[in-house]
Amino acid sequence: LVSLDEIGGLNNLKAWLCTREKSFDSKAAEYGLCAPKGVLMLGVQGAGKSLTARAIAAAWQRPLLRLDAGSLYDRYVGESERRLRDSLRQAEAAAPCVLWIDEIEKAFASASAHSTDGGLSQRMFGTLLTWLQEREPGVFVVATANNIDALPPELLRKGRFDETFFVDLPAAEARAEIAAIHLRRRKRDPEAFDLGQIAVATDGVSGAESEQAIISALHAAFAEGREPTTADVAAAAESSPPLSVTMAEKVHALRAWARNRCVPAD
């Protein structure tokens, strides 16, 4: 698991998590508080949503359970619903814990349209919605999604999640922070690099793409038998068009949708 300190940016989300960390304690119930239910994180691919889910469990020192919704589906009638109910019961038995549902929109995409599976996805989604609304405190759900068009609108209703955050591409300060994190992971001193120049070179680049740029720079330097430089990282970042360019229309539409609908994660 990684810590929240190993994730660049996302300051609003980190602050929100910090204020709720103690809410699982028995003193919170005496104070009149219920344990937090969870967060829904929407945003651009590679911006750190899945990494944040793992970091929450590490920061709160709670077990991390991952619900692989795709593996729940079975060809036999009623078996898929039983698997989902069993998985949710296991999560409740492990409480207090963090339950991570990655790319939730893909697992239940057919629930928001006329499906050809005999209504199975709609029944599965209905079971999940009921559980999200009525579950016992102690299971903090972290759901991530990339495609809001495939997201059933019922999922966004208040009460199922405490908050909905939008994880955008990192700003300049966060890009410099992300570069420093990945350089340290690979045994390099960030102070030996011009992080400001790297932040400029990675404009429009996601955290995952920044990591790959640093890896590419290390490969290039290693092949030549030398240490990597700021120029190597900048060249690697600029040599491959980022997702914000290749999928510019979708990224723009996602940002437009999230405006005034979600809380910015950073």
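The values are calculated or read from the model by the stated rules, or taken from the named source; none is laboratory data. Keep in mind that what you see is a predicted model, and the values were worked out from it rather than measured. Because the Cβ atoms are built from the backbone with ideal geometry, glycine has one as well, and the counts that use them run over all protein chains shown. The protein model used for the area step is the full one, side chains on, heavy atoms only, and it has no ligands, DNA or RNA in it. Shrake-Rupley method; radii C 1.70, N 1.55, O 1.52, S 1.80 Å.
Taking all protein chains together and rolling a 1.4 Å probe, M247 ends up with roughly 70 Å² accessible. Which shape class, rounded, prolate or oblate, goes with segment 30-101 when its Cα gyration tensor gives a ≥ b ≥ c as root eigenvalues, a/c under 1.5 marks rounded, and past that a/b bigger than b/c marks prolate? Taking the square roots of the gyration eigenvalues as a ≥ b ≥ c, segment 30-101 is oblate.
If you sort R66, R188 by accessible surface, 1.4 Å probe, largest first, the order is R66, R188.
Over segment 200-263, accessible surface divided per residue gives 58 Å², non-protein components excluded, 1.4 Å probe.
From most to least packed by mean Cβ count within 10 Å, the peptides 215-223, 5-13, 161-169 give 161-169, 5-13, 215-223.
Accessible surface for W257 stands near 60 Å², nearest 10, in the context of the full protein assembly shown (1.4 Å probe). Compared with the dominant Cα axis of the chain, that is its longest principal axis, helix 230-239 is turned about 60°. On a straight-distance basis, which lysines could pair with K14 in a cross-link, Cα separation under 23 angstrom, same-chain partners fewer than 8 positions away excluded? Straight-line reach from K14, under 23 Å: K22, K27, K37, K49, K158.
Which angle from 0 to 90°, rounded to the nearest 10, does the C-alpha axis of helix 11-20 make with the longest principal axis of the chain? Computed tilt is about 40 degrees. At full extension, S3 and T229 could sit 78.6 nm farther apart than now, given 0.36 nm per residue minus the alpha carbon distance.
Helix 79-93 and the long axis of the chain differ in direction by around 80°, with both axes built from C-alpha atoms.
Reported to the nearest whole Å, the Cα centre-to-centre distance from segment 212-233 to segment 27-73 is 35. To the nearest 10, the accessible area of R83 is 80 Å² with a 1.4 Å probe.
Pick from S23, S239, S50 the residue whose mean-square fluctuation is largest in a GNM of the chain, springs joining Cα atoms under 10 Å. Checking each option, the largest mean-square fluctuation is seen for S239. Note on the chain: helix-only mean residue ellipticity at 222 nm, from DSSP H runs of 4+ residues weighted -39500 (n - 2.57) and normalised by residue number, equals -14000 deg cm²/dmol. Heavy-atom surface analysis with a 1.4 Å probe gives the chain a carbon and sulfur content of 51 percent of its accessible area.
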